[in-house]
Structures are given as C-alpha cells and as structure tokens.
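See structure below.
The values are calculated or read from the model by the stated rules, or taken from the named source; none is laboratory data. Treat the numbers as computed from the prediction; the structure is a model and nothing was measured. Quick reminder, even Gly has a Cβ in these numbers, built from the backbone with ideal geometry, and neighbours come from all protein chains shown.
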C-alpha cells in the first residue's frame, strides 16, 4: 500500500526534484480556489465540513483523551467550541516510541510515499483548511486558502523533495572491489540503511500553523521519524486536521497511526517544555517568539533544533522610477494580514535629504506622506480592506498598536478599528505608520503587527549600514530595496551577504516582499538571528537521518 | 589562477562525485609508496626534507611569531626540536576576519579549486608527511604514509566533493516565470550567492592529525570559510606542513594566505578554549577526548560543532567457519598502531558456553586462548612487530596498560616493551588482552590503547544486547561480528540500526574493522555518542554555508 503511494506520486516527486534544481516557478497545488481546480462543490463542501466540526469533539481515531482543550477565542469572533483530546507528554512519547520501529523498518520509499499521499489529501481539503486557518489565525479567507492550503502544501512537498534527494543518493548496496595487483581483488558488499534520529516534535505558531509547520513535519516524517505535532493553543484546528489526515493515511498503509500525533494543550501549561526536554525527542522544529526559540536552543540540547524566530524586516528607499508604484506595493506589504507575517516590513529607511525619482527630487516628507497616504487608502473601502488585512490574531498584538502610539512619534497613517461586514466581533485594525529618526533605538526591535516606521537616515549608505547591522543583531527574513542605481544595488548585495539576508529589488508590481515561493525562494537564510535554518535546503533535511552501513566479503 | 586550479582538477572532481554516489572502490591518491606512483627519488627527497626541518624554525611566510613552541617528545624518541611560530588567538581571529571578505567573494569554484590544488600538493609531499606523522603520532612508517598521506588526502577530497555537490546544485541565477492567465506572466530573475558561515576552527588530535583533521579543514575551506588549524601540541608538524602548503597555494592564487592559519601552542594553555569561544568562530571540527568534545558542544554555542570523541568498539563472536582466520584478522586489528585507532576493537564478546565452528564446538577458553595466542604471535618477530604496532603516542596511554593490569583479570596476552631496532628510545608496547565477565562494569568504558577484553557472555543474544547498549551509552565507531548464521546477522543489523553503528561481518581476510575507505565507507554515523557527524556526508557540509538570494523583475 505504502509502496503504491510512492508509485502514485513519483511523477510529481520527479517534477519537484527538477523544480528544486532549476528554481523556476512550479507548484502542483493550484493556488486559485477556482472550481476548475478544485471541483464545482469544493467550496461548499469545505465550508460545510468546517461548520460540521464546530461545537463538537474533534475525531482522532485511536486516541484516548486524558482531558479536552479548545481554542480560547477566534480573531473573527466566531465561536469554534471544538474540543480536542489532550494526551500527556509522557504518553505521547511512549506511543511515538511504540510506533517508531515499524516506521523505521518501512524505509524511505514508504516514508516518502506516505508523506506525499498526506499532502495530496490535504490539498483536496484546502477549502475546509482555509476556514480552519481563517478562524484561528485571523487571515482573510483568500490568504487562509492560499497560504494555509496550497502554499503550505508546496512547502511540505519541498521538504519531502529535499529529504528524498538526500536519501536517494545513498545506494542500498554497493560492490567495493579493490585491486590487488596480480592477485584477485578484494570484493566486499556494502549495504547502507537510512535510520531516523528519534522522535520529532513540531511546535506550531498561531499565525501560519500549516505554512510554518509543514516543512519540519514533512522533513522529519519523510526521513523516518515519528512526529508529535504541538499546535499553538490558539490555532489547534489546522494542525488537528493535518494530523487526522496523516493518521488516516498511515492506517490505510497498514502502519501505526501514532507515527503522527497531536499534542493539543491549553495555553500556559508546560506541554511544550516537557516534550522538548524529553530525552527521546531528537528533532524539534519551532516557529514563534525569539524568547521561546532561544529557550529551546539553550535547553533542548539532546535534539537538533530548527527555529524560526522574530526579526526586524526592512526597506531601503534610495531612488525610484515611479513613487506611486513603490508606495502602492509597499502599502500592500504593510497591510497584508496586518503585518503579522514574519516577512512583513517594519523599518523603512529614506534619506532625510530626500531621493531621486524619474520626476525629479522628492523630499523625505514627500516620500513619507506618500507611504502614509497609500496605507490609508487601503482601508478606503472597509469591506475590501478586511479581506486584505484580516483580523488581529491576538489581543497582545492589538495592544502593541497602543504601545507604538505611546512612542509619541508623528503619525503618517493612523490605525483604526474597522467593522467586519460578516463578523461584527472581528478584531480588525488598519496599519499604523509612524515617522522616526534613525537615532531612535526604540524602533530597532520587532514591533510585531500592523506597525511600521518611516525612518530618516543621513544617506543611503547610512540606510544600508542600519539595515545590515539590524539584521546581524535582531535578524530578518526579508529586505526590500528601491534604487535605480546599480552601484547601490551592489552595495546592498555586499551588505546582504555579510549580514546573511535575502533581498528584493524594486518590487512595484504583483510580487510582494512578504511572499516567497516554494522551490524557488528560500524562506530565511539560517545566517542571521531570525532563523537558524532555511526552508528548505539540504541543511534542513540532512541531519534528520543517519546511515548505518554493513559490509561483508563476497 | 584559482579558476585555473578548478579547471585543472575538474576531471578528478567529476570522478569523485561519481565515486561518492556509487560507493565502490576509488582513490586518486596511490596508497602504495612505490616509485612507480611517486617517482624514483620521492622516498629520499621526502626523508631529506623531513630531516632538513629538524632543529630549525618552521617557515610560515607572512606569519609574525609572538612566541615559539615545539612538540615536547616524540613517541619514537627522535628529537624533532622544530620551533613553530605562535600567534595569539585574538590576532589569529583578526587575521582570519581580514582575509574573509575576499575569500567569500572569490566564490565556490575558487574555494574548491584552491582546496583541490592543496590536496594535490599534499599528495606530492606524502613521504615528507609520512615521516612527520610517524614521529609525532608513533605510527609505523607504512601506516604513517598511508593514513597520514593518501588516505587522509582521500578524506579531504571527499569533503570537498560533498561541498561541491551541495553548492553546485544551487543555480547562480534562475528565471521565475509565473503564469497570469490571459495576462503576461510575472517574470523575475533570482540570483543565489553561496556565503560562508564565518571563521572555522579545526582542532587536531595527536594520533591522526591529518586523517581526522582534513575532513573538517577541507569542508570548511571549500565552502568559503577561513580556517584556523589548531594542532595538538604533541603533533604539530603534520598540520604545520599542511598549513604551509595551503598558504603557498593561496598566495599563488592571489589570495590572502591568512585564509588558512596555524594556531601552534603549548600543552596546557587555553588557546583552544579562547579560539572556540570567540564569537567570530562559527564552525568547529574536533577530534579528541569525550570530555573536551563535550565541553565544546556545551560551551561553543555560537558555532556549529562537529565532534569525534571516544567510544567502545566491540566484536561479537557467535560462530565461525575457521577460527584461525578469525583470530588472525582480529589480532591484526588489535595490534595495528597499538589499539590507538578510534576504530580499534576493545570488547570481544564470546558466549561462555562456547561457539559453533566448522570443526565442531569450541569452548570459550578455546576461543579466548586462540585470540591471546594470535596476539602474542604478532610480536614474535620484534623487528616486524614494531612496523605494525608502532609506538605509544603518549605516556598516559602506556600507563593505562598498568591500570588495566591492575584490574586483576586473567591475562590472555601479556603486554611487553619491545626494543625498536632503529629507534632505541621508542615507547613500544605489545597488546594486552584480558579475560573478563560481562557483569564487570569496569570494562564498559574506553580503555584507549593496546588493551582489549575477551568477555564471557550468557549467549549471543546477550552479546548483541551488550553491544547495542554499550554503543548507545558510550558510543562506538566500529562493530565487528563473526557468525555463520544469517539470522544472527539480521539480529545484529536490527541492533546496529537502533544503536546507530556501522558493522562488519566475518572479516577474515585483508580488510580490518579499523579501516574505512573514503568514498565508500562512512566513518562514524553521527547517531551514537562517539561522533555527532559522519565523515563525510551531506550533513557534514550542508551547514557550512548559507544562500543569500536577490530577486528583481525582468
């Protein structure tokens, strides 16, 4: 059965391997929710399935609940009231270990086949997932569909692809024949077996539970490790659905479904710590705050720890062809999901003496005002705006807007609460944009949420230096640069190499700095404090398995 | 120039890539010191060069000595009296950083080309290196030639090969073209730049300074990192020669020779600690004691740390075709370099009720006595024996023989001091083999040196269990099994997968468990406490560089 899964998906795997090598555009999972891609009834079916689940106990076959937990609140105010079975860390670990031996023996083709089948089924349930992601993270529906569904599936497939690439280069068996001059050669048969590292733990975040969770989940699963998926207590449903589907596939393949388990738990308890410190846990994938990520790196020493933490993303404006196109693109990036993307820009550097443009000199105030106006314009039509900016995932982020206001900086775009036409209880805030000086140290830290600063610098050289040093000290997942001067682009390239951050030049069209595409863009570099690994590359998968060799004479 | 190096060695690199994929026998560096391979005068030239260096200041162009250090003693008693320039850790780091930017900008083809040229030149100086290795490590000349020369070069080349394999799969540039239905596609150009991690540190050992040092040195160098090579204070010369050659090649390539530096220092000072904890050091490769390796893993948290530490290597004897062939192979393994190889067997398990053989039942005592006799026989001809067993690298290892005797266990082969015909001061000891019981906890730890135990177990199942648990607790780099029963072999395979150790079956010929061949055998697995990485695989190189991406519309 599991071999059948591998064979079924092998053509896609082959394409994925080629895509990861060429790094052009490629995805097997349609990002458009059109009926042409997903079928005429997919949208209604997905919505119905989501609504069916509301107010009920979530079904995870074969799991004996010791307690029950629910998401506390929904950013859109919808009452989910779904109860998830809670299992103690000790029992989760014991069950993972009990499932480990057969999973190890199943071998790479089964690990990869099962992983690919899970992804294919996740894809078919993208509409149901979209509602689950929307009502836990606060993303607008379209983003929840794309980022929570096909784009997350792409990132999962990408991890499986790299895992297969690394594993499949190890031959099962080799003949070693060493010449001995006139004598017969020495001949040995060598067998190579891929072995997993141990129990893997995936710690999900509240904003992109699937997109950020799938790379680690599938990288560990596809290399033979049983995986415990610990969702953020505020965003359980998307990962619970994922685990449910994974267990179905495992069961169908005749395997123990405890190869993938859900560690649902209530906010504030010590589930994450107890799991992370268990000696059996050898792999941890984490997305979340710098404090929690650092704690894992410092304390879960028995495990290989992959972290994506916080950062300060930056924009350098040196010179422009068309300011309107620049600020339109930038405003969209600032507004998208209310700046709650780990790649959303925060600090925008503009020389205080202004910039060159095709229409002539533009003062700092011209640029700052244009950014502010463009951001304000986003919320001109609230019904449209809420689709873009979504809802604020949690109250702490909403309160951070107040803290930013309290800095007392001049306001370029005011943050306002908007009423959502469909969900009156939704926590919706438009982006706040403030004007700041480069010497203001308070802004050189992460202000997570719809908060950004247009910062007056001494020059573009100063902007580049600020960007470089901020990346080195605080980390960053994105850097966006606007310049018409190829020499400035070269200086940015040098700074980016030194600081270890990827960057985008002159984004004025339909590509936004927040977005990265699987198989083409590496998400994060692993070279600055924002993340210790990139999604995905060889380094992300190569340490998740080892090779045990047996040799004998033939 | 450096591009020329790449082109010159590209054919070898292509063969190496194929060899690492097929894992058959392959080496570009002849292991036989025959004049046919190295030229008529190579042997004399190498010896002359070695003797020329004795009693002099070691020449490292462009290095300003702050002090001078020498190896304290030679295992063969030869007075080396070579003085090496000592440079403070702070200055070494500053010089590495000063050389780093140009080295980074030189790019992968230069990093790999320079690395391959260094290896080619090291090969030509294999005789000189053999003397240097012999008189620092205590290895017999032939082993010093092979393991210190061509085999070490193989392992260096292997690391470069994996580095190139991982780096070359990242395209320099990609065109990303995303369809937009009826509209023009979005087209972006994406550039990918490989960037190094930072300053790399290689901490050498006293027994195999080149063989164990080259994988880390060349893996870091070939991925663009400047490398500081810190030799063991008792085995400076082999790595000093290596650094000298590396600096020559760098200078010829028009690069700053400080890309590779020597950190010679006296025993007992804090050079290693100061270098390892420097924030600029991002990669550390270490071979040595478990205590020092663990200290690095615990404290050098700013760096990626690769360690090869101690272990307890084991032999399981279940049943044999021909006991004579078994014990002959085993005795050779025990004698080779006096058990000072990290892969040398120590604990030999034999069921107390004896074993099956083609000639009928053999009692435990039959087997134990045969092992003892075969080991004693090794030293029957002292002049031949010293070539095999070499000298004891340091006095602590010699004293460990006394500590083993003090266990009060029955002696199967007595350790004796032999006089070396050429070097009367040489510290030569024949192997000690003791008889032990499986319940004796004192033997389940590393007894580094010419010390081994033949251990009575309850059964082969008990032997396998002991082997598995010893690997899990203490680590191991090798496991050797003798059985004529395929079912036992399967049980060992299962135990090896669980414990994460590679194993060899029925070695009775010209292959010894201590030996691993580059491009075919992984040295270590990274899956048990003896080493956290294998030499070499993707995992060993993939974290030594990162990718910085730049994208723009086209």
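Entry remark, the range A:480-504: residues being in contact with a helix residue (DSSP H, G or I) (Cβ under 6 Å, 6 or more places away or on another chain) and within 15 Å of residue A:343 (Cα to Cα) number 3 in total.
Among A:504, A:452, A:520, which is part of a strand (DSSP E or B), at the interface with chain B (Cβ under 10 Å from one of its Cβ atoms), within 23 Å of the chain's Cα centre (by Cα) and touching a residue at least 24 places away in the same chain (Cβ under 8 Å)? Even if it seems obvious, please write down each step before you answer.
Details: A:452 fails: at the interface with chain B (Cβ under 10 Å from one of its Cβ atoms); A:520 fails: part of a strand (DSSP E or B).
Unique residue meeting the criteria: A:504.
When you look at residue B:369, is it modelled with pLDDT of 95 or more and closer than 20 Å to residue B:444 by Cβ, yes or no? No; evaluated as a whole, the condition is false for this residue. Any residue at all in the range B:259-274 that is in a loop (DSSP other than H, G, I, E, B), within 15 Å of the chain's Cα centre (by Cα) and either within 23 Å of residue B:80 (Cα to Cα) or touching a residue at least 60 places away in the same chain (Cβ under 8 Å) (or both)? No, every residue in the range B:259-274 fails to be in a loop (DSSP other than H, G, I, E, B), within 15 Å of the chain's Cα centre (by Cα) and either within 23 Å of residue B:80 (Cα to Cα) or touching a residue at least 60 places away in the same chain (Cβ under 8 Å) (or both). Here is the figure for the range A:155-196: residues that are touching a helix residue (DSSP H, G or I) at 6+ places or on another chain (Cβ under 9 Å) and more than 9 Å from every other protein chain (Cβ to nearest Cβ) total 14. Any residue at all in the range B:311-331 that is farther than 25 Å from residue B:465 by Cβ, modelled with pLDDT of 95 or more and within 21 Å of the chain's Cα centre (by Cα)? For the range B:311-331, residues farther than 25 Å from residue B:465 by Cβ, modelled with pLDDT of 95 or more and within 21 Å of the chain's Cα centre (by Cα): absent. Every condition in (1) buried (at least 19 other Cβ atoms within 10 Å of the Cβ); (2) within 27 Å of the chain's Cα centre (by Cα); (3) within 12 Å of another protein chain (Cβ to nearest Cβ) is met by residue A:443 except one, and the failing one is (3).
So that you can scan it fast, the table gives a plain yes or no per residue for (1) surrounded by fewer than 20 Cβ atoms within 10 Å (Cβ to Cβ); (2) within 22 Å of the chain's Cα centre (by Cα):
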site: B:62; (1), (2): yes, no
site: B:70; (1), (2): yes, no
site: B:92; (1), (2): no, no
site: B:101; (1), (2): yes, no
site: B:105; (1), (2): yes, no
site: B:114; (1), (2): no, yes
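When the test is whether a residue is within 11 Å of chain B (Cβ to nearest Cβ), under 30 Å from residue A:188 (Cβ atoms) and crowded, with 24+ Cβ neighbours inside 10 Å, residue A:552 does not pass it.
Which of the following residues is in contact (Cβ under 8 Å) with a residue 12 or more places away in the chain, at the interface with another protein chain (Cβ under 9 Å from one of its Cβ atoms) and touching a helix residue (DSSP H, G or I) at 6+ places or on another chain (Cβ under 9 Å): A:532, A:543, A:514?
Working: A:532 fails: at the interface with another protein chain (Cβ under 9 Å from one of its Cβ atoms); A:514 fails: at the interface with another protein chain (Cβ under 9 Å from one of its Cβ atoms).
Answer to the selection: A:543.
Residue-wise test of (1) farther than 23 Å from residue B:247 by Cβ; (2) outside any loop (DSSP other than H, G, I, E, B); (3) away from every other protein chain (no Cβ under 14 Å).
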| site | (1), (2), (3) |
| --- | --- |
| B:24 | yes, no, no |
| B:40 | yes, no, yes |
| B:44 | yes, yes, yes |
| B:61 | no, no, yes |
| B:65 | no, no, yes |
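Pairs linking a residue in the range A:101-120 that is within 12 Å of chain B (Cβ to nearest Cβ) to a residue that is outside any helix (DSSP H, G or I) and at pLDDT below 95, with Cβ atoms under 8 Å and 6 or more positions apart or on different chains, do not occur.
Pick from B:509, B:526: which is touching a strand residue (DSSP E or B) at 6+ places or on another chain (Cβ under 8 Å), facing chain A (nearest Cβ under 9 Å), part of a loop (DSSP other than H, G, I, E, B) and at pLDDT 95 or above? If you could, list the steps in order and put the result at the bottom.
Values: B:509 fails: at pLDDT 95 or above.
Testing whether each residue is touching a strand residue (DSSP E or B) at 6+ places or on another chain (Cβ under 8 Å), facing chain A (nearest Cβ under 9 Å), part of a loop (DSSP other than H, G, I, E, B) and at pLDDT 95 or above leaves just B:526.
Across the range B:335-370, the number of residues qualifying as touching a helix residue (DSSP H, G or I) at 6+ places or on another chain (Cβ under 8 Å) and closer than 22 Å to residue B:468 by Cβ comes to 12.
Against the test of being without any contact (Cβ under 8 Å) to a residue 12 or more places away in the chain, more than 7 Å from chain A (Cβ to nearest Cβ) and assigned to a helix (DSSP H, G or I), the options B:487, B:491 yield a single qualifying residue, B:487.
Yes/no matrix, rows are residues, columns are (1) within 20 Å of the chain's Cα centre (by Cα); (2) closer than 30 Å to residue B:6 by Cα:
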position	(1), (2)
B:119	yes, yes
B:123	yes, yes
B:126	yes, yes
B:139	yes, no
B:153	yes, yes
B:176	no, yes
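Has the range A:222-237 got any residue that is away from chain B (no Cβ under 14 Å), modelled with pLDDT of 95 or more and in a helix (DSSP H, G or I)? Yes: the range A:222-237 contains one or more residues that are away from chain B (no Cβ under 14 Å), modelled with pLDDT of 95 or more and in a helix (DSSP H, G or I).
Scanning the range B:15-38 for residues that are within 17 Å of residue B:142 (Cα to Cα) and without any contact (Cβ under 8 Å) to a residue 12 or more places away in the chain returns B:32, B:34, B:35, B:36, B:37. Based on this model, can you work out whether residue B:476 counts as farther than 24 Å from residue B:294 by Cα, in contact (Cβ under 8 Å) with a residue 12 or more places away in the chain and outside any strand (DSSP E or B)? So residue B:476 fails the test. Taking the listed residues B:427, B:435, B:468, the one that is in contact with a helix residue (DSSP H, G or I) (Cβ under 7 Å, 6 or more places away or on another chain), assigned to a helix (DSSP H, G or I), surrounded by 14 or more Cβ atoms within 10 Å (Cβ to Cβ) and at pLDDT 95 or above is B:468, with no other qualifying.
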